[in-house]
Structure formats: C-alpha cells, structure tokens
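The values are calculated or read from the model by the stated rules, or taken from the named source; none is laboratory data. This is a predicted model, so every value here is computed, not measured. Positions of Cβ are generated from backbone atoms using ideal geometry, with glycine treated the same way; all protein chains shown enter the neighbour counts.
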Amino acid sequence: MEIKLQSILFPDKEEYTDYQELFFKSGQGVYDKQEKYLAFARYTVCDFATYLNALSYRKWRKHSKAGEMYLKLRAKGNFDLVLSGYHRIEHAAKRITFSVKEYNLSEPQEIIVKIPENKETLVGFELRTYTDCMVYEGGYYTQIPDNQLNEVRLSIATTTFRKESFIKKNIKMIKEELLDKDDIVSQNLYVHVVDNDEGRVLKREEIEGKHVFYHPNKNVGGSGGFTRGMIESLDQQPKATHVLMMDDDIVVLSESIRRTYILLLTMKERYREYVISGAMLCYEEMDVFHEDVGFMGADGGQNPSKGHGPIIKMADMLQKEEAKTKKADSYAGWWYCCVPVTMIEKNGFALPFFIRVDDTEFSLRNHAKFITMNGICVWHMGFTLKFNYFMEYYQVFRNFLIAEACNPSGRRRRIWKRFKGLFLSEILRFNYDAAEMILDAIRDYLKGPQFIEEEKCQERLQTMSAKNAQMKDLSEFEEYGIDIDSVYQEDTRRFIDTLIYRLTFNGQIFWPKKWLRKGPAVVAHDWFYNPQRQCLVDSVIAVNPHEYTAEIRPLDKKKFRKIMRYYYAIMRKYKKCHKKVDEAYYARRKYLTSREFWNKYLEIEKYQ
C-alpha cells in the first residue's frame, strides 16, 4: 500500500503570509487560492527544505516501517529539481546533494524522485526555475504492505473554557481538511470537545458532526477536561487506540494531525508505547520554537529540552530534530500530546490538579518516552503573556508537592529550592500577595488528599485569583517616564548595596524608611529578578512590556512582618506533618487517578 508520509504544505491561509519561510525559502512565491497552486517567477531558487516541508528522513526510518521513500511533485514549467540531505556538524548544517535533474513541463505533470538510502537527518528539495513555474501539490511517500500496518483509531480530546473562537475555527478545519476526505485518516479519526464553560456559549449543534462529539463538563480545569476527553475516547465505539490531548487556544495544521496518524499507523512495534509530543511554536512569532519535550532542571524549574529560538535556518531545524529527549524527569505538555490508551488503562487518568503540572505528573508517573518530529506542532500563546501568580506560584508549587507525594523521587529538594527562591525574590520586591500564595500552596498541600478530592475548583479559583497582580494600563503611569526596553536588562550589582540588601531584606528590617531611595524602580512583572534595580528603594513598579501594563508595589514593613510570621508558622507545620501527609497522598494515588473517582468528581451522568 502506498502511504503518504508527509504532504508538501503551502502558505494557503492569511495568517501564514508573514511566515512563508516555514514553507519555502529564497523564492518569492505567491499562492493562487483559486487555482490552488504556488507560483514562482523565473530565475529564482525555491527551497522546500523547511521546518514544515523537509522530510524527517532519519526519524521515519527509525520509528516507522517505511523502507524506500520517494518524492512526488505535480508541477509545471522549466526547472531543475535538486534533492539534498542535511545533517549537523557542531553548530552548522552540512548539505549532501543526491541528484539534480532538469524538467521542462508544458502542462501540469506528476514527477517522481527516488530518495537514495542515506544517513541524513532531513531530506528536502529545491527548484531552480528557468521560466515561471507552478507547484500544485506534492508529498513524500513509501510502500508498506497492508498486513504490516497498525490498527489505529486516533481520538482528539480538546478541552475549552471561553476560547470559543479558537475551538470553532479548529473544529471547522478538522472537518473540512480531514474528516470530509475519503481516506484512512478520516475513517479512523475522532474528536471529543469538552466544554468546561458552564455558561455554555458553545452549542452542540455547531460542534458535532461525523466523528465529532460535544461534551458539557464542569469547570474542572485542564486535568478534569482532558480526563473527560480520555474517558469519552475509551467509551466511544469503536474504542480509540490513542488519545491526542490538544489545547483550545492554539492554531494547528491539519497536516500535523495527519502526520501523527501516519506515524502511529506505520510505527514499529518497539515504539508502540511511546508518546508523540508536538512542538509548541509561538503564536506571536510563528517562526519561533518554544518547546516540545521539557524536563525538570537542577534548579527545580521546568525547561525546554531543545531550547527556545527561531527555526528558519537549517542549522536550527537540525538542532531541534536531532536533540535528545531522554533527559531525566522529562515530560510532554498537553498542548499537543498523543498517548496510547494502554498507558491510561495501566496507570490511570490525570490527578485532579485543576490546572498546571497535570501533564508533567502524568509523564513522570508513566516513565514516558517520547517521539518528536519537525512539522508536528501547534502555535500557542506564549506563557509570558499568560503569566499570573495564582497559576505559576500557587498551582505549580502545590501540585508539584502533591505529585512528589504520589510519585516519590529525588525531585523534592529541587522543587523546594525553586519555590524558596521565588518566595524570597517576591518578598524582596514587595510583592507580598505573590509570596503569600506560595505559602498558601504549602498550607493546602498539608490538608491532604481530601482537599483535592473535593471538587471546589471554581470557588478556589475566585478566592486565590483575588491575590493576583492588579495590572493597569501603562498610560496611567506616564509621570514616571518608564523605559520598557530596560525591563529585562540586568543591572550590575554593587558590593555594598548587595550586603545591605541581604542584611535588611531590602530595607524591610534594620533600615529607616528615610534612608530609602525614592522609587518606583522599574522591575519585571514575571520571574525576571533584578536585585540591583530594586535595591533599597521605597517602591517598585512591576511592568509587563508585552501588554503595556504595570502595578506599583510600595515597601510595607507591616505586611513584611505578617508574611514572615506566616512563613515560619507554615514551615514548622510542614516539618512536623509532611511525612504523614505524603503517606496519605501515596495511599490514595491510585483512587485519585481511577475511573471510579473521576466518574464521581465529574458527575458524568449529570453532564451529558
């Protein structure tokens, strides 16, 4: 059976106009929407060895049953087609040319170019045009006997809360570009839309269709929404073999879903239990890579395994394709994450975390191994724009403490190192509410498993969110002459300032107010820490330069003393109780991830 491994993609939608180099480079191509072809002027070089269109040759050979591969291209015009392979040497890309052949096609015609067996990471082609040329369609193919293909039913589980425009657009795209086709993908692809918005702005009739199902749900966050999607995927007829968790506020290519399915269809037996982790590219800068697989670092932070950066140059593309994902404590985010149902059946659903760390804990609990591939990706709004203290401090810290109790390991020391550091950095820049939320996380973790067994997500969200920064438009602070370009510029520390800063908790003890410098000093609204800038001032102004908002935070010795009393009290309680609390979580871990628990927690019979 002939299998198309990858399609050649065109920038056929307006949102891709400014990012054509994800599709092709060099040539000034124009996509004709009516005739559905990509046109290039004569005497140009049009390079299709790009992030979305280069063939992930080495990974297809490693993970799939694909043998000989070949390029099919339907085109018109006089051009040379150059087929090349690419690998990385240190930080540079090395190109190996396989073949150069001239074509003179007076009418649209299909050409086939065999790819020689090789050891290259990526394979791509370029057109050197001698006349105006048109490319109508293309793809990379292989032949696999029918009896060697895997049985695959892929279920997409997407959970949404007030992101109706994204969901409607993505469902429309999936229906038109995948489900309405008559092929093996459309026959075996299912979509479960879980609506956590109890206001029910989405309507069942505008979502449902062939293989597309709508499920009203309680507002139980990502963990509850994705678990509902897993449950529905297991209950559908026929039962799914794989569940693809996919965020709501994303832009996704139908080709990413299609490649995921084809990879599952052709996958070698030894990789059947692997997780396919799609890359998160930046919604604001669509040619910038953020993460596909992450890991917990030595500092306790969550870090991208492959680094953050642009993916236009071949060297950068190769780095992302070749980078290893076998670091200790690795995980896949649920913006685009495909897991075999056998993993769910063996080790259960998510823990009821509401939001944050649910995907990380699921990967760590299952000792997941990962497959990534250039072109399997989504565009997601960057976390800097979505930053808030309830999510990043309270939810992340509390949930990591619970995850560690349920899955004991050596990560606890790193988790504490990170959040003690964050507590200190926030209290030193007078962000008392954020510091308090870190302590609240410990307090609520110490309440034991019964605390998360109770479904009070909405109530807790409203209570804790009141402590978030109250950011206002930057125009309200014009009198301070804020230079937003300096927000993330680190100032050089002076020894005497550093000494006093540490001894006095930045002027909050042993230091008269009259000796403080007049503020506000400009600091970042997020994790960026700049001690010299905020040293011994009477106030800071926390600035979000991306959204042009800010908040003034004055030094308040009374609040400082209150928070420190809270800190010492909660740490005494933690040292006294945490072993018993950990034992209680560990004893309930299987129940908390079971179908029995989730049926009750979600009230599934009520929400149909």
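Of note:
- Selection status of residue 446, touching a residue at least 40 places away in the same chain (Cβ under 8 Å) and closer than 20 Å to residue 390 by Cα: yes
- All conditions but one from (1) crowded, with 18+ Cβ neighbours inside 10 Å; (2) outside the structural domain of residue 452 (by TED's automatic domain parsing); (3) of a type outside the set (Gly, Ala, Ser) apply to residue 543; the one that does not is (2).
- Test: residue in the range 88-101 that is under 19 Å from residue 3 (Cβ atoms) and in contact (Cβ under 8 Å) with a residue 40 or more places away in the chain: no
- Applying the condition of being among the aliphatic types (A, V, I, L, M) and either in contact with a Leu (Cβ under 6 Å, 6 or more places away or on another chain) or surrounded by fewer than 21 Cβ atoms within 10 Å (Cβ to Cβ) (or both) to the range 344-363 and asking which residue is farthest from residue 454 (Cα to Cα) yields 355.
- Residue in the range 586-606 that is farthest from residue 215 (Cα to Cα), counting only those that are of a type in the set (Ser, Thr, Tyr) and in contact with an Asp or Glu (Cβ under 9 Å, 6 or more places away or on another chain): 591
- Test: residue in the range 220-237 that is among the basic types (Lys, Arg), buried (at least 21 other Cβ atoms within 10 Å of the Cβ), more than 23 Å from residue 177 (Cα to Cα) and not assigned by TED's automatic domain parsing to the domain that holds residue 54: yes
- Among the strands (runs of 3 or more DSSP E) confined to the range 16-57, the ones with at least 1 residues that are surrounded by 23 or more Cβ atoms within 10 Å (Cβ to Cβ) and either in the same structural domain as residue 322 (by TED's automatic domain parsing) or in contact with a Cys (Cβ under 9 Å, 6 or more places away or on another chain) (or both) are located at 37-40.
Residue-by-condition table, conditions (1) of a type in the set (Ser, Thr, Tyr); (2) touching a Phe, Trp or Tyr at 6+ places or on another chain (Cβ under 8 Å):
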residue: 310; (1), (2): no, yes
residue: 317; (1), (2): no, yes
residue: 327; (1), (2): no, yes
residue: 331; (1), (2): yes, yes
residue: 336; (1), (2): yes, no
residue: 341; (1), (2): no, no
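- Top-ranked residue in the range 237-294 [being of a type in the set (Phe, Trp, Tyr) and part of a loop (DSSP other than H, G, I, E, B); ranked as farthest from residue 364 (Cα to Cα)]: 283
- The residues listed here are 167, 174; of these, the one that is surrounded by 18 or more Cβ atoms within 10 Å (Cβ to Cβ), outside the structural domain of residue 23 (by TED's automatic domain parsing) and closer than 27 Å to residue 74 by Cα is 174.
- Residues located in the range 472-531, provided they are closer than 21 Å to residue 422 by Cα, in contact with an Asp or Glu (Cβ under 8 Å, 6 or more places away or on another chain) and surrounded by fewer than 11 Cβ atoms within 10 Å (Cβ to Cβ): none
- Qualifying residues in the range 241-253 (those that are surrounded by fewer than 20 Cβ atoms within 10 Å (Cβ to Cβ) and either touching a Leu at 6+ places or on another chain (Cβ under 7 Å) or not aliphatic (A, V, I, L, M) (or both)) - the one nearest to residue 190 (Cα to Cα): 241
- Every condition in (1) β-branched (Val, Ile, Thr); (2) closer than 21 Å to residue 257 by Cβ; (3) at pLDDT below 95 is met by residue 371 except one, and the failing one is (3).
- Residue satisfying all of: in the range 191-236; over 26 Å from the mean Cα position of the chain (by Cα) and assigned to a helix (DSSP H, G or I); nearest to residue 336 (Cα to Cα) among these: 235
- When residues of the range 465-477 are limited to those that are of a type outside the set (S, T, N, Q) and assigned to a loop (DSSP other than H, G, I, E, B), the one nearest to residue 387 (Cα to Cα): 469
- Count - residues of the range 132-159 that are surrounded by fewer than 23 Cβ atoms within 10 Å (Cβ to Cβ) and farther than 27 Å from residue 47 by Cβ: 12
- Wholly within the range 111-189, strands (runs of 3 or more DSSP E) carrying at least 3 residues that are of a type in the set (A, V, I, L, M) and under 23 Å from the mean Cα position of the chain (by Cα): 154-160
- When the range 321-343 is filtered for residues that are surrounded by 22 or more Cβ atoms within 10 Å (Cβ to Cβ) and assigned to a helix (DSSP H, G or I), only 321 remains.
- Residues of the range 326-378 satisfying the condition of being at positive phi and of a type in the set (Asp, Glu): 329
- Checking each residue in the range 478-497 for being of a type in the set (Phe, Trp, Tyr), within 36 Å of the chain's Cα centre (by Cα) and assigned to a helix (DSSP H, G or I) picks out no residue at all.
- Among (1) under 16 Å from residue 607 (Cβ atoms); (2) in contact with a strand residue (DSSP E or B) (Cβ under 7 Å, 6 or more places away or on another chain) - the single one residue 161 does not satisfy: (2)
- Residues being aliphatic (A, V, I, L, M) and within 17 Å of residue 123 (Cβ to Cβ) - total across the range 312-336: 4
- None of 201, 191 is assigned by TED's automatic domain parsing to the domain that holds residue 260, surrounded by 18 or more Cβ atoms within 10 Å (Cβ to Cβ) and not aromatic (Phe, Trp, Tyr) except 191.
- Checklist (1) small (Gly, Ala, Ser); (2) closer than 30 Å to residue 594 by Cβ; (3) in contact (Cβ under 8 Å) with a residue 40 or more places away in the chain applied to residue 410, failing item: (3)
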